[in-house]
């Protein structure tokens, strides 16, 4: 795997900005916050410790900032090995080697899980308890995932320094959605899905190849943290009007709640109800929806 180049740079004390042309780099803390829900989902579906998935992603992609990660969404340094999808070439053990290129980060995480489940040389790993990250780390090296002799120690260090083992706890219950998930049609003719446990807008967006900025806009929201389970998440733009004409405001309703209920953009609601919205929204107010 390509992480070896990065480790060598650290060993000689060099500081390299791998992703300087792509804007601000992710910190390790940000990487963990962003992708831990994905790692937990993979754990429950494919029985790979979330701590291992996260640690490998951190190590192989330099916290998501490597060229493979930014250009090809490849967070685990997986080479082509008969891959029929898009490819990217980079120097690793040899010059100009072929690596897999993915549409989004979700694809990379899923393919990593499938990769470890697919090849018989990794089969013995699944005999270890899901909380035994030490055996998994040593086993990955034994199975030939990486050539670096220090690979197990590097993974264990990342896991322990960042408390990644907390994500392996059986107390973390999560519902995951497979490649195909239910898509519903709102009465206002907009497609939406229902959020699962430990999901974020970004994870849902990755599933449908929708950028985070776009899916946040679809839902008039700026929340980038874990979503409550069971809420409606639009995967298409809301409309400018509703079939229903009027909504009478109930207790503790805000404009966004009403916007999500009827599938009408907040900016359209504001435009139609300028006079009412000059003051705070209150129970009994009649909002025009069209």
Worksheet item: In degrees, nearest 10, range 0 to 90: what is the angle between the Cα axis of helix 105-118 and the longest Cα principal axis of the chain?
Response: 40 degrees
Worksheet entry | Alpha-carbon Rg/Rh ratio, for region 3-168, with Rh computed the Kirkwood way | 0.93
Worksheet item: In 10 Å bins starting at 0, how do the alpha-carbon pair distances of the chain split up by percent?
Response: 6, 25, 28, 19, 12, 7, 2, 0
Worksheet, complete the sentence: For region 88-146, the Cα convex hull volume per residue in Å³ comes to 103 Å³
Fill in: Calculated FRET value between residue 97 and residue 143, using beta carbons and R₀ = 22 Å, to 0.05
0.65
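Would you kindly state how much longer the chain becomes between residue 115 and residue 134 on full extension, computed as 0.36 nm times their sequence separation minus their alpha carbon distance, in nm to one decimal? If you can, show how the numbers build up before the last one.
Working: separation 19, 0.36 × 19 = 6.84 nm, distance 2.00 nm.
Extra length available between residue 115 and residue 134 comes to 4.8 nm.
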Response to the item:
CD proxy, 222 nm, the chain: helix-only mean residue ellipticity via -39,500 (n - 2.57) per DSSP H run with n ≥ 4, per residue, nearest 500, stands at -11500 deg cm²/dmol
Worksheet item: Which value, in Å to one decimal place, does the Kirkwood hydrodynamic radius take for region 246-288 when every pair of different Cα atoms is included?
Response: 10.2 Å
Discussion item. Report, to one decimal in Å, the Kirkwood hydrodynamic radius for region 182-278 based on all distinct Cα pairs.
Written reply: 14.0 Å
Worksheet item: Sorted by mean Cβ packing within 10 Å, highest first, what order do the peptides 230-238, 208-216, 151-159, 119-127 take?
Response: 151-159, 230-238, 208-216, 119-127
Worksheet item: Once label points are set 7 Å from the Cα along Cα→Cβ at both residue 169 and residue 283, what is their separation, rounded to one decimal in nm?
Response: 3.9 nm
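For 255, 54, 164, which order do you get if you count the other beta carbons within 10 Å of each Cβ and list the fewest first?
With the fewest neighbours first, 255, 54, 164 line up as 255, 164, 54.
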Fill in: Antiparallel DSSP beta bridges within the chain, as percent of all bridges there, nearest 5
95 percent
Worksheet entry | Label-point separation, residue 161 to residue 270 (7 Å along Cα→Cβ), nm | 4.4 nm
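Quick one: length gained pulling residue 252 to residue 81 fully straight, 0.36 nm per residue minus the C-alpha distance?
That works out to 56.0 nm of additional length.
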Discussion item. Full-extension gain between residue 30 and residue 243, please, as 0.36 nm times their residue separation minus the C-alpha to C-alpha distance.
Written reply: 72.5 nm
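Mind ordering 259-267, 189-197 by average Cβ neighbours within 10 Å, highest first?
With the highest mean Cβ count within 10 Å placed first, the list reads 259-267, 189-197.
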Worksheet entry | Top of 130, 276, 258 by mean-square fluctuation, Gaussian network on the chain, Cα under 10 Å | 276
Worksheet entry | q = 0.11, 0.13 Å⁻¹, region 116-274: log10 I(q)/I(0) [Debye, one scatterer per Cα] | -0.64, -0.77
Fill in: In degrees, nearest ten, helix 50-61 long axis to first principal axis of the chain (Cα)
80 degrees
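Values in this text are rule-based calculations from the coordinates and carry no lab data. Just so it is clear, the structure is predicted and the values come from calculations on it, not from any experiment. Note that each Cβ is placed from the backbone with ideal geometry, even for glycine, and that neighbours are counted across all protein chains shown.
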